[in-house]
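Okay, structure first, notes after.
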Amino acid sequence: MPDDNWDRIQEIFLEAADLGPPERAAFLERACHGDAFLQSEVDALLRSDSRGPSAVDAAIESEALSLLDQPLRSGTRLGSYRLIEEIGRGERVPSIWRSATTISSESKWLLK
C-alpha cells in the first residue's frame, strides 16, 4: 500500500473514530468519495478499534503490572534502562535510581 494511501486511511480513521455510528456512515461516504478499497480499510480499522484492547495492549499492561509487584534491584532492566543504584526515596516518589541506557554506555540517567 503506498504511503499516501496509508496516510489518507489513517486520517479518515482518526476522524471517524470520534463519531457516533449514525454520523460515521455519512462521514465515511463523503470522505472516501466512493473508493470501496479505502472505505473497507477504514471500516476494518474501526471494527478492530471497537473490540477494545488488543492482545499486545494486554501483554504490555500485564508486564507493567508485574514490574510493580517486584522490588527494584541494581541491575534490573526497565525498557532500555538498567538500574545502577538507588540514590533516594521521597514522599511522592517511591524511589530514585541512577541508571544507564543500554543503547549507549556514555549516557547516565536518573529514574523516578
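Quick notes
- Cβ-derived FRET efficiency at R0 35 Å, residue 63 paired with residue 18, nearest 0.05: 0.75
- Model label sites at residue 49 and residue 10, defined 7 Å from Cα along the beta-carbon direction, differ in position by 1.3 nm.
- Intensity falloff of region 1-50 expressed as log10 I(q)/I(0), Debye formula with alpha-carbon point scatterers, at q = 0.14, 0.18, 0.19 Å⁻¹: -0.29, -0.48, -0.53
- The fewest-to-most ranking of 98, 30, 92 by surrounding Cβ atoms within 10 Å reads 92, 30, 98.
The numbers here are math on the coordinates, done by the rules we state, and not lab data. Everything quoted here is computed from the prediction, not taken from an experiment. In this analysis, Cβ positions are derived from the backbone assuming ideal geometry, glycine residues included, and neighbour counts consider all displayed protein chains.
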